[in-house]
Structures are given as C-alpha cells and as structure tokens.
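Chemist: I have a structure I would like to understand better, so I am pasting it below and will then ask my questions one at a time.
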Amino acid sequence: MKVALTTRSFAGLLTALALAVLTALTVLTAGVPSASAATGVSTIAEALREDPVYVDPAASDLLSSADADALAEQIKDADKALFVAVLPADQPTDKLFTDLRTATGITGLYAIRLGDRFDARADSSVLSPAAVQNLVSSVEAEKDAKTQLDDFTDRALANMGGSAPSSWGSSDSGGGVSTAGLITAGAVLVAGGGGAYALVRRNRRRHEQEQRAALEKLRVVVDEDITAFGEELDRLDFHPGEPGADDAMREDYEHALDAYEKAKTYMAQAGKPEDVRAVTQSIEDGRFSLAVLAARRAGSPLPERRAPCFFDPRHGPSVADETWTPVDGAPREVPVCAADRTRLADGRDPVIREVDTERGRRPYWDAGPAYGPWAGGYFGGGILPGLLIGTMLGSMMAGPAYASDYGSGYGDFGGGYEGGDTSGADFNSDDFSGGFGGGDYGGGDFGGGGGDFGGGF
C-alpha cells in the first residue's frame, strides 16, 4: 500500500515538474515570432531597441546565435548606433527601412540582410548617403551572410558618428531568450555599470567642451557679419515716411529689420556650431531684402534671388556664376558679386573672406569644421558641396562623421538628432537614405544589382 502511494506521489511530482517546465518555456518564448510567418516590423524594432542585432527565427540558417552575439558585442563596444537585422527572403520589403526606422525610433544606421540580398539606410547625422552607398557596394559581392555583415560592420563603425542608444542591454540577439545570458549581463551591469556611466559622461563632457570652443571661435566671425549687416541698414538711410516710399518698400525694409533682429537673437541663443546656420540664413535673407529695396528706390529692375558672393557673403547677393580655381584645386562655378566678377575678368584675385586660425589668417573654407554651418546658412539648397570640392572644409564635410559634430551644414540632417538619440518618427525620410535618392526602394524592390537598390534610382 505504501509502495502504491509512493508511485502515485512520484507520478504526481513528475507531472507537476513537467507543467512547470512547460510554463517556463511558454514564458521564456513569449513574443518569439513563428518561423512560418513574416515577422512584423514592430517585433523587429522592439528587439533592436534592446540589442543591435536581430536574427529572425526563419533566417537563423544565415547567421548563428554565436555569430550574432559576437557581432552585437562588437557594435556595443564601439558605442555606435548600428542596427543589423537578418530576415528571411520572403519578408515584405515595401517601405521596410522607413517603417523600421519609425518603429525603432532611434537615429542611426540600419543594415538588413534579407535572404541573399543586402542593403542599408542611415540618418545623415550618422553617415552620409554617399558613405552608405559606398559601404553597401563594398560588401555586395560577398554571399556569405556572416562575412558580409562582419565586413560591413567593421567598415561602418570606423566611419559612423554619434553613440549607441542607452536602451541596449543584453547581448542576446537571436530572437530567443538566454537565461545564462541574462544572468551574465546582469552581473556585468552591476560590476561595470558605474565605470561605464562615468566613461559615457566623460565623453559627453569632452564633446560639449569641444563644441563650445568651436562656437566661440565662430562667434567672432558671426558677430562681424551681424555688425556689417547693421551698418548696411544704416547706410541705406531709408525712412518709411519719406517722399516716394510705398508699401512694397516699407515691407522690404521691415523684412530686413526683422532679419537683423532674428540674427542677433539666434546668435545669443546658439549653444553649438550648427545653431549658427539659422543666423547666417537670416542675414542672407535680410541682405536680399535690402537689395530689392535699393532697386525699388532707384527705379531699377528687381534683382533675382541668388546666393551671396562665394568669396565673402558680406559682399551681398551674387550677380553671376564665374569659373574659379582655388590653389591646388579644380575649377568650379561659384556665385560672385559684381566687384569680384570684374576682378576675375581683369585677371586679379577676388576679395576673399579670411578668418583667424592657428596657422594665421586663412580663407573660411580652409579654417576648420565649424565653418560648415556658417557657410551652409548662406549657401543653402544643396549648392555648397559643389562650391567646396577640393577645399579643406569640403573634405571635412564629406566625412561621414562630420554631421554628428557640426550638422550637415547645408541640408536637413534629421532635426538635430545624433546617432543613438531617440527621435521617434521625427525624421525626414528623404534624409534617411543610402545615397540612391530616397529613403526606400521604390515599389518594394530590395536589391537589383550593381548597388542600385531603388529600381532605377
């Protein structure tokens, strides 16, 4: 009788243990998508907010858990906002990058291996479109997923700007849950959390100090611009009630005055070099209003809206584009004022804006990275890169990490967010690109050979 009771008790115990194991497995695997259905973008985004590498269960044959973990650790160690997703070939691609970027909500570089195809997109504050295109092209011929992702990661981390998001925790990236990994990660966080936090704070503090120093150097030049603009307003000697003044003249004058006040306000509020772009945009806008007002008073044809003189924006709006060749550079078309146009025609040098540097007085395009936003406010609309080709500033601005420190200077760079910042849906999809003219593929075309992932971009 005692034996029978013991057997029943043992059987009950086994049953209880089995139920406990099944319950634990259910809890641990909750949220893991089925390998037989396409994984939703929200699921992928949720995983990437916690870890830099996500491998869909249906694509686990492309990248092992061990390889994914190693890749994730490499990205975390580099402290960069690089997101890698490995997805099955039948994953829907229509607006995949834009939707994933929106759902993840973090400014960064997003790389996707989809079956045997590969592509990437990035916010330009992290990596320029040209850099993304070149990086993707450099690994396109590699068919093995591990080799391709390792090589892309190595090259991308060496060029990216920004830092990793604060939300990254454990190193598990394969879609499953590793209890040992969670325990280990917890121990590491407890032991090294204080040191890591101190390191991050020190890096951020150094970055802020560098930004302040750059802004102070730039402030001297911007103050000169504001002063020069104020002197132009005084020299104009316009009075709204003077004989012959009409509503159009008064409107031009008021617009110029508003631009002057805005420039002073923006400069007073500037906290980093990229804030200067708004200042010089206002000055450029105000100078054009003065040019229009002067033409109205003289009864002359109104000037067309053109960029200011490239050699010194204080010269005012340009009147033509002329060929100019900088020292040790290639010829290019630059907008010039009437006086510099005459000088060039006579074989003389234009009057170039020079600023103080550690190497003495130098042209602004040879003075340092902080002048990118300053020049970008004057030469908007995407014309600045062509003007600066071959110059020191042009080379700096072409570097993929430039925008994380100074903004792109001549285009929308994602609302001021840097790599790793939580920006949610606040980003320009045209600015989130791989260099092929848009944020996604066009018609859902993921891949197409020759590095052209846009079906004809």
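Chemist: Please work out how much accessible surface Glu274 shows to a 1.4 Å probe, ignoring ligands, DNA and RNA, in Å² rounded to 10.
Modeler: Solvent-accessible area, nearest 10 Å²: 20 Å².
Chemist: What do you reckon, how do Lys217, Lys264 stack up by accessible area (1.4 Å probe), largest on top? Mind showing how you got there, number by number?
Modeler: Numbers: Lys217 130, Lys264 80 Å².
From most exposed to least exposed: Lys217, Lys264.
Chemist: I've got another one for you. Run the 1.4 Å probe and let me know the accessible area of Ser42, rounded to the nearest 10 Å².
Modeler: Taking all protein chains as shown, Ser42 has close to 90 Å².
Chemist: Ranking request for peptides 80-88, 153-161: highest mean number of other beta-carbon atoms within 10 Å first, then the rest in descending order.
Modeler: 80-88, 153-161
Chemist: At Glu73 and Arg235, where each label point lies 7 Å from the Cα along Cα→Cβ, what is the point-to-point distance in nanometres?
Modeler: 6.6 nm
Chemist: Just to confirm a number: summing +1 for Lys and Arg and -1 for Asp and Glu over residues other than Ala248 whose beta-carbon lies under 15 angstrom from that of Ala248, what do you get? Can you show the working numbers first?
Modeler: On the way: positive: Arg250, Arg296, Arg297; negative: Glu242, Asp246, Asp247, Glu251, Asp252, Glu254.
It works out to a net charge of -3.
Chemist: Estimate the FRET efficiency between Ser138 and Ala245 by the formula 1/(1 + (r/R0)^6), using the beta-carbon distance for r and 60 Å for R0, to the nearest 0.05.
Modeler: 0.45
Chemist: Let me ask something additional. Please give every one of the lysines within straight-line cross-link reach of Lys76, meaning a C-alpha to C-alpha distance under 19 Å, and leave out same-chain neighbours fewer than 8 residues apart.
Modeler: The reachable lysines, counting only those whose Cα sits under 19 Å from Lys76, are Lys146.
Chemist: Report the FRET efficiency, 1/(1 + (r/R0)^6), for Leu157 and Ser64, where r is their Cβ-Cβ distance and R0 is 22 Å, rounded to 0.05. Don't skip to the answer; put the middle values down first.
Modeler: Values: r = 21 Å, r/R0 = 0.95.
After rounding, the FRET efficiency stands at 0.60.
Chemist: While we're here: For Ile106, which sequence-distant residues (separation of 5 or more, or a different chain) have an amide H within less than 5 Å of its own amide H, given hydrogens modelled in the peptide plane?
Modeler: Ser423, Gly424
Chemist: If the cut-off is 16 Å between C-alpha atoms, which lysines fall inside it for Lys272, apart from same-chain ones fewer than 8 positions away?
Modeler: Filter leaves Lys217, Lys264.
Chemist: A further question follows. Rounded to the nearest 0.05, what FRET efficiency do Ser42 and Asp223 have when you use their Cβ-Cβ distance and R0 = 60 Å?
Modeler: Working: r = 49 Å, r/R0 = 0.82.
According to the calculation, E is roughly 0.75.
Chemist: Ignoring ligands, DNA and RNA, how do Arg332, Arg121, Arg361, Arg306 rank by accessible area with a 1.4 Å probe, largest first?
Modeler: Result, largest first: Arg361, Arg306, Arg332, Arg121.
Chemist: Need the full-extension length gain, Lys264 to Asp349, defined as separation in residues times 0.36 nm minus the C-alpha distance. One decimal, nm. Spell out each step's value before the answer.
Modeler: Details: separation 85, 0.36 × 85 = 30.60 nm, distance 3.21 nm.
Value of the extension gain: 27.4 nm.
Chemist: Just the accessible area for Leu233, please: 1.4 Å probe, Å², rounded to the nearest 10?
Modeler: So the heavy atoms of Leu233 present about 10 Å² to solvent.
The values are calculated or read from the model by the stated rules, or taken from the named source; none is laboratory data. Only a predicted model underlies this, so the values are computations on that prediction, with no experimental measurement involved. Because the Cβ atoms are built from the backbone with ideal geometry, glycine has one as well, and the counts that use them run over all protein chains shown. Keep in mind that these areas ignore ligands, DNA and RNA; they rest on the heavy atoms of the full protein, side chains included. Shrake-Rupley method; radii C 1.70, N 1.55, O 1.52, S 1.80 Å.
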